[in-house]
C-alpha cells in the first residue's frame, strides 16, 4: 500500500501500451485526483518526457484515501489507468527537524525505504536511549524535549538541543534502525550456487555490519569527548563480538 504523509508532494505516473505491449502516446491525456471528501482535483499540468510515459505532481492536503486516474484517448479508443494511495497526518515532534539529517545519513535520499513516522520513532527511541548515558541531560515526554535544570549546558536555549548534541542523537537513531535491519535480514544471509546460478548476499550483510560499526564507533567518540567523561557504557543496539567486528567470514 502506498502511504504518504499530509504535506508531501507525490509523483503519480502512468505508461500507455498498445495490444502489442508497445509504448505509445494517446492523442489526448487527462488526469484527476479524487480526494478523501469526494471532491475532484483536475490535473492541469501532465508531463510527457518520453513516448508512452506521463506523470504529474500532487501536494497532499488532507488525510485519507486518494484515487488518481489517467485517461488516454486516441480516436474512439480510450485507455484508463488508475491507482490509489493513503495520506496520514502524524503528530509532530520536537525532534522532527532531525528527520532529514537522519534520512540523509541512512542513504534514503529518494524517501522510499523509510517513511517519516518510522524515522520519527527512531529518533524518539534514540533520545530515550541516550537519557541514561547523558544522565538525563535532556528529558522527553509527549513529543516535547526539555532541558534538565540540574545540568550545566555550554549554550543557553534556544534551541533546546545544543547543536553539538544533534549528531549523537541522530547516530543513536541510526544504530537502532541498522540493528533492526540486521536482525531482520540475519535469517536470510546465505550463499549458494548450482550449475547455472550463483547467489550471495554476504557482501551486502558485511556492508551493513561495517556501516553499523562506524556509527557505534563515532557515537562512542562523541560520548567520550563531549559529554560526561568516565561513564562509558555499551550503546543500545546490535553489538558484535570483536572477531566479527574485525572481519566477516
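The values are calculated or read from the model by the stated rules, or taken from the named source; none is laboratory data. Please read all numbers here as calculations on a predicted model, not as lab measurements. Note that each Cβ is placed from the backbone with ideal geometry, even for glycine, and that neighbours are counted across all protein chains shown.
Rundown of residues vs (1) at pLDDT below 85; (2) surrounded by 13 or more Cβ atoms within 10 Å (Cβ to Cβ); (3) in a strand (DSSP E or B), yes/no style:
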residue	(1), (2), (3)
111	yes, yes, no
123	no, yes, no
157	yes, no, no
166	no, yes, no
171	no, yes, no
213	no, yes, no
Spot the failing condition for residue 147; the list is (1) at pLDDT 85 or above; (2) surrounded by 14 or more Cβ atoms within 10 Å (Cβ to Cβ); (3) within 27 Å of the chain's Cα centre (by Cα), and only one is missed. (3)
Quick one: which strands (runs of 3 or more DSSP E) sit completely within region 1-86 and have at least 3 residues that are within 25 Å of residue 114 (Cβ to Cβ)? 3-5, 9-15, 53-59, 64-74
With respect to residue 53, is the statement that it is farther than 30 Å from residue 207 by Cβ, crowded, with 18+ Cβ neighbours inside 10 Å and out of contact with any helix residue (DSSP H, G or I) (no Cβ under 9 Å at 6 or more places or on another chain) true? no
From the residues in region 215-235 that are surrounded by fewer than 16 Cβ atoms within 10 Å (Cβ to Cβ) and in a loop (DSSP other than H, G, I, E, B), which one is modelled with the highest pLDDT? 226
For the subset of region 129-144 comprising residues that are surrounded by 14 or more Cβ atoms within 10 Å (Cβ to Cβ) and part of a helix (DSSP H, G or I), which member is farthest from the chain's Cα centre (by Cα)? 133
